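Here the structure comes first, spelled out in structure tokens, and everything after it is commentary.
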Amino acid sequence: MVQANEKITVAFNVNGGDVEIGVTPETALVDMLRDGLLLKGAKRSCDMQVCGACTVLVDGLPVSACTVPAFEVRGKSVTTIEGIAADDRMAGLTDAFIDNAAIQCGFCTPGMVLAAKSLLDCNPHPSEAEIKDYMRGNICRCTGYKKIVEAIQEAARKALQG
Amino acid sequence: MRPFRLYEPTTIKETVARLSELGDDGKLYAGGTELLLAMKTGLLQYDGLVNVKTVPELEGVSFSNSGTLNIGARATHSTVEHSADVIAHAPLIASVEHRVANVRVRNVGTVVGNLCFAEPHSDPGALLLLYEAEVDIASPSGTRSASVEELVVGPYETSLAGDELVTRVRVPLLPNGMRGAYLKFGYHHRPTLGVGAAVSVTDGKFVDIRLTLGSAPPKPTRMRDAEAVLRGAAVDDPAVAIEAGRIAAEGCDAIDDLHGSAEYKRHLVQVFVQRALTEAVERGVK
């Protein structure tokens, strides 16, 4: 049993590197990443798993870091947008977002890119309908959806050629 | 969020003993997709959470030879959606689970947790009611079973005692010849309405019928009066489905809330019962 206010040791892999950090049971994953590890890419926005701005990948699957407790990632691999930015193999995806102007204010972009990576990992050549279906949980308030869909289509196309 | 103690039992026995000890100060924690939202806003406060995800016995989805899908307390919506057994034997469940919330919630939230939180605006309850699913329940004094109807008694309210744990939901497949459909509607991130219909047809007449309704009423509901007018009626008579829709709409306990007025929801029920029946019949023909 872990007492309230007692710290749990969370040993996990983040963006390819092993880390260990102590957190209390109620600490959200997004707070551990932002405040504990200074990875500011995931944003706390709606705080209720609806908007997707806090999206990170846990063992490759997108979750809402605003609500998932930090202790849940013990022994797991977490990918944040910082990990995507540092990974040359991900340049096709991030370049596609830039080249297609799929970014306006940029607040939703880390979540969009991570969700898109997860989609392409399990479905490398999604149809437009499949992209919209998968991405519907990530909200962009600059109304940039069309460009985002086009960016993901281009990333898939280029991966096929490359 | 207010600090809480975290318990991580490794057996069902240990889990229910802990629940018994904590009483009203403790709560089971599975995916947390509903519970933690309520705790963040302060609507619910617990001194201790008991994590079921550290109990290996509660894992996974399996299919038994008797034609039953077993969904363990730890199985997430994603696990169910992508389960080869679910896709092969109950594709309707896979397709409805695929449309629950968004991909992040499905990766974390559990089907059993969803049932036990009893959020009215939700699909799994009405869907599992369509399959006449039952839950297995463990407590310090033994085990028992209950139907989904017996389990969910009102908004955010179940018939579970404080020391009881739903270990799994057992989903019997639809009987031979019966085809199901589930339609949902809404503009919010939670559904405004969900209608399930399962029908079998012989010689152009409805034989077995199940109709269920979720999200519009305070709890998932079987619409038995509407089922009764369909039984024995001609499938190709459009007046029959309209009459079933009317009875379902009149009989349903639709509530006024942010999703709309009760009157508006009754109108939706009328329309969607007809559509769900049509879809279930067409699937049978195919």
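Throughout, read-outs are computed from the coordinates displayed, never taken from laboratory work. Worth saying up front: this structure is predicted, and the values here are computed from it rather than measured. Heads up, the Cβs are rebuilt from the backbone with ideal geometry, glycines too, and the neighbour counts pull from every protein chain shown.
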Original post:
Can you find a residue in the stretch A:61-72 that is away from every other protein chain (no Cβ under 14 Å), crowded, with 18+ Cβ neighbours inside 10 Å, part of a loop (DSSP other than H, G, I, E, B) and at negative phi?
Top reply: no
**OP:** Of all residues in the stretch B:194-222, count the ones that are part of a strand (DSSP E or B) and over 13 Å from the mean Cα position of the chain (by Cα).
**Re:** 13
Original post:
Can you pull out the residues in the stretch B:23-47 that are over 26 Å from A:L29 (Cα atoms) and within 12 Å of chain A (Cβ to nearest Cβ)?
Top reply: none
**OP:** Filter the stretch A:1-17 down to the residues that are more than 7 Å from chain B (Cβ to nearest Cβ) and either charged (D, E, K, R) or in a loop (DSSP other than H, G, I, E, B) (or both), then identify the one that is farthest from the chain's Cα centre (by Cα).
**Re:** A:E6
Original post:
Across the stretch A:122-144, which residue is farthest from the other protein chains (Cβ to nearest Cβ) among those that are outside any loop (DSSP other than H, G, I, E, B) and more than 16 Å from A:F107 (Cβ to Cβ)?
Top reply: A:E128
**OP:** Please give the number of the condition B:R231 fails out of (1) over 28 Å from B:E59 (Cα atoms); (2) within 20 Å of the chain's Cα centre (by Cα).
**Re:** (2)
**OP:** Examine the stretch A:75-85 for a residue that is assigned to a strand (DSSP E or B), within 20 Å of A:G17 (Cβ to Cβ), hydroxyl-bearing (S, T, Y) and under 16 Å from the mean Cα position of the chain (by Cα), and state whether such a residue exists.
**Re:** yes
**OP:** Kindly indicate whether A:G75 is within 14 Å of another protein chain (Cβ to nearest Cβ), touching a strand residue (DSSP E or B) at 6+ places or on another chain (Cβ under 9 Å) and closer than 20 Å to B:T76 by Cβ.
**Re:** yes
Original post:
Quick one: in the stretch B:1-22, which of the residues that are in contact with a Ser or Thr (Cβ under 7 Å, 6 or more places away or on another chain) and of a type in the set (A, V, I, L, M, F, W, C) is nearest to the other protein chains (Cβ to nearest Cβ)?
Top reply: B:V16
